[in-house]
Amino acid sequence: MNNYLLFEVGVEELPSRFVSSTLDQIKSNLTKMFNENRIEFSDIKTYGTPRRLTFIVENISEKQSNLEEEVKGPSKKIALDADGNFTKPALGFMKSKGLKEEDVIFKTVGKDEYIFGTIRQEGKETSEVLKTILPEAVKNVTFPKAMRWGGKNMRFARPIRWMVTLLNDNVLEIDLEGIKSSNVTKGHRFLGKDEFEVNSLEDYLTKLEENFVILDQDKRKELIRKQCIEVANSLGGEVEFDEDLLEEVTHLVEYPTAFYGEFNEDYIKLPKEVVTTPMQQHQRYFPVVKNGKLLPNFIAVRNGNDYRIDKVKAGNEKVLVARLEDALFFYKEDTKKSLESYIEKLKSVVFQAKLGTVYDKTLRIENLSSNIIDLLNLQQDKDDTKRAAKLCKADLVTGMVFEFTELQGIMGREYARVSGENEAVCEAIFEHYLPRFAGDILPKTNAGIALSIADKLDSIAGFFAIGIQPTGSQDPYALRRQALGVLNILMDSKLDINLKELVELALNNYSN
């Protein structure tokens, strides 16, 4: 490729959640600084693995564009004194712009005259400008959590260990607080060479593949998807993909190899979410299903080849079984009692110091959801709504939800079924948390809709009443998300209801 820049930042294993955002931030920083420094380019391609962040700038100019810019200074009455000499403000303006007295003129703008001058600056070699731009592009990245290392002033998510900088096949010497750039990179931590030289962009891409690094994250993701499908097919099932999990796994490996593991069929008797939650959220495994039902298998992805894969398989099975044993224990213990019996414990769980306990909140939800049912003239759903409101938070104090918090609502529905509640009540308990995130499903049953709106409006009204409101940068109680949830439910359900009246009812709940 003609006129390219290859910039690789080598790091200790970067958390998967940071890879995409870090690539985007550095690309944005580079784009901004290239434009500010008059360096032309056609595109910046970004690639990321846990150990490296790579940027390929295409068709980068060899020099900055020459600068010719007219600048405006103070008005004539400020720029000249009574004797017609330049004043300190005028001289200061000229000095700041690198102008001499003979370089400036006066022009009329509106009713006044102003001092003007033209800055002319010949463009520097791109190689010189990059020595400042590249370190700053890295230093200006922000993280929710960052660290310092080796006595350096800069912060990064993980220590930076090496840099590769090639400008048109030539090594560009960059210094990032003592980290010197070169043409030496590293292969896969276990399968590749510890260090090797690259002499061009093509050489870099070829040698990385030879050293078991699939640099392109999109290619890596599709390879993982393909491998998982093939493994699932060999088991007579289908892999159940979660795109967020697939993205996470993609950024955990440089050379993926998918394999399957097995577990005891007894665990399949548990509710599906009880098995898949520790599988996906805690172990980063993909479930295998057949006709919608779980098979006693999972698919994991190794960062490496298939050498001694049987040992890796056994290790992963052992870890998952420990998790499933915990889930099975909690399920058996929780279902020894009815869901209703857990309600009393909610009196000891604080919702918010000024807004009472979770038990108090359930009473407000019960009252407000009944009001919503009345306003919608859905009396046939009132009993189910009241019953679901009474039970909707009970699963929060069960062992399962205490251990796996992401199962709140899901376990409420399952425990309600085990306790003999009717299906409308069970579904409403689950639906009252919906939507949980952007793009999530919305409640569909009348009882679920009423409960979800009541739960969210109760939180919004209560927190605003005690002066806790979202700011531009903070929303610790997710009030924005809950407000959007209410609006999405109302629009999706096409409910004819007065939102102002609902808010007033929610506020009145706190005064009763």
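Neighbours of ASP112 by Cβ distance under 13 Å: Lys/Arg scored +1, Asp/Glu scored -1, total +4.
Give a quick list of trypsin sites (Lys or Arg not before Pro) in the range 458-496 that DSSP marks as loop, anything other than H, G, I, E or B, with at most 16 other Cβ atoms within 10 Å. Let's see the in-between values first.
Working: sites: ARG480, ARG481, LYS494; in loops: LYS494.
Answer by residue number: LYS494.
Determine the relative contact order of the chain: mean sequence separation of Cα pairs under 8 Å and six or more apart, normalised by residue count, in whole percent.
Values: 840 pairs, mean separation 47.7, N = 512.
Dividing the mean separation by the residue count of the chain yields 9 percent.
For an R0 of 25 angstrom, estimate the FRET efficiency from the Cβ-Cβ distance between ASN59 and ASP194 and round to the nearest 0.05.
Details: r = 33 Å, r/R0 = 1.34.
Once rounded, the FRET efficiency stands at 0.15.
In the structure shown, the pairs LYS361/LYS386; LYS45/LYS152; LYS272/LYS345 are assessed against 23 Å; a Cα-Cα span above that value is assigned to LYS45/LYS152; LYS272/LYS345. For the range 185-283, the list of chymotrypsin sites (Phe, Trp or Tyr not before Pro) that fall in a loop by DSSP and count at most 13 other C-beta atoms within 10 angstrom reads PHE190.
By the beta-carbon count within 10 Å of each Cβ, the least crowded to most crowded order of LEU6, LEU339, fewest first, is LEU6, LEU339. Taken about its Cα centre, the chain carries a charge dipole of about 1160 debye when Lys and Arg each add +1 at the Cβ and Asp and Glu each add -1 at the Cβ. Within the shell defined by Cβ-Cβ distances under 11 Å, the residues around ALA300 carry a net charge of +2, with Lys and Arg each +1 and Asp and Glu each -1. In straight-distance terms, cross-link reach from LYS139 covers every one of the aspartates and glutamates whose alpha-carbon lies under 20 Å from its own, apart from those fewer than eight places away in the same chain; here that gives GLU8, GLU12, GLU13, ASP24, GLU36, GLU128, GLU173, ASP175, GLU177.
Can you give the FRET efficiency to the nearest 0.05 for SER511 and ASP266, using r as the Cβ-Cβ distance and R₀ = 41 Å?
Values: r = 52 Å, r/R0 = 1.27.
The computed FRET efficiency comes out at 0.20.
Taken along the Cα-to-beta-carbon direction at a fixed 7 Å, the label points for SER234 and SER20 span 2.9 nm. Based on the reciprocal of the average 1/r between different C-alpha atoms, the Kirkwood radius for the range 50-123 equals 14.9 Å.
Can you give me the relative contact order of the range 415-486 as a percent, contacts being Cα pairs under 8 Å and 6 or more apart? The partial results should precede the final answer.
Details: 65 pairs, mean separation 18.2, N = 72.
Relative contact order, the range 415-486: 25 percent.
Taking Cβ atoms as reference points and 14 Å as the exclusive limit, the residues near VAL319 contribute a net charge of +2, counting Lys and Arg as +1 and Asp and Glu as -1. Comparing LEU487, LEU499, THR257 along the charge dipole axis of the chain, the residue lying farthest to the positive side is LEU499, per the Cβ-charge model.
Model label points for ASP440 and GLU101, set 7 angstrom from Cα along the Cα-to-Cβ axis, are 7.3 nm apart.
Over all projection directions, the Cα-based convex hull of the range 1-97 averages an area of 9.7 nm². Counting every pair of alpha carbons in the range 194-339, the share spaced more than 21 Å apart comes to 49 percent.
Here is the list for the range 188-219: GluC sites (Glu not before Pro) lying in DSSP coil, each with at most 16 other C-beta atoms within 10 angstrom of its C-beta, are GLU195.
The length gained by stretching the chain between ASP244 and ASN377 to full extension, at 0.36 nm per residue less their Cα-Cα distance, is 43.9 nm. Dipole size of the range 67-121 about its Cα centre, with +1 on Lys/Arg Cβ and -1 on Asp/Glu Cβ: approximately 180 debye, rounded to the nearest 20.
The ratio of the alpha-carbon radius of gyration of the range 137-223 to the globular-protein estimate 2.2 N^0.38 Å is 1.22. Each of SER348, ALA314, LEU270 was scored by the projection of its Cα onto the charge dipole of the chain, and the greatest displacement toward the positive side belongs to SER348; charges sit on the C-beta of Lys, Arg, Asp and Glu.
Is any residue of the range 136-178 close enough, with backbone N under 15 Å, to a label point placed 7 angstrom from the Cα of ASN3 along the Cα-Cβ axis, and if so, which? Residues 167-169 qualify, since their backbone N sits under 15 Å from the label point. The alpha-carbon atoms of the range 254-328 define a convex hull whose volume equals 85 cubic angstrom per residue.
Restricting the calculation to alpha carbons of the range 103-184 gives Rg and Dmax of 20.9, 63 angstrom. Ellipticity at 222 nm from helices only: DSSP H runs of n ≥ 4 in the chain, each -39500 (n - 2.57), divided by the residue count, give -13500 deg cm²/dmol. Placing a label point 7 Å from the Cα of THR132 along the Cα-to-Cβ direction, the residues of the range 164-206 with a backbone N closer than 16 Å are 174-176. Of all beta bridges that DSSP places with both ends in the chain, some 95 percent have antiparallel geometry. Between the residues GLY84, GLY98, GLY73, the greatest Cα displacement towards the positive end of the dipole of the range 67-121, with unit charges on the Cβ of Lys, Arg, Asp and Glu, is found for GLY73. Summary of packing: across the peptides 53-66, 410-423, the per-residue average of other C-beta atoms within 10 Å ranks them, highest first, as 410-423, 53-66. Along each principal axis, taking the top coordinate minus the bottom one, the Cα set of the range 339-511 gives 41, 35, 34 Å in descending order.
Quick check for me: using +1 on Lys/Arg Cβ and -1 on Asp/Glu Cβ, what's the dipole size of the range 339-511 about its Cα centre, in debye to the nearest 20? Could the numbers behind the result be given before it?
Details: 19 positive and 24 negative charges, 83 e Å.
My answer is approximately 400 debye.
Calculation over all alpha carbon pairs of the chain in 20 angstrom steps from 0 returns a P(r) of 17, 34, 31, 15, 2 percent. Per residue, the convex hull spanned by the Cα atoms of the range 313-382 amounts to 178 cubic angstrom.
Since every read-out is calculated from the coordinates, none of them should be taken as a lab result. Fair warning: this is a prediction, and the values are worked out from it, not measured in the lab. All Cβ positions, glycine included, derive from the backbone under ideal geometry; neighbour counts span all protein chains shown.
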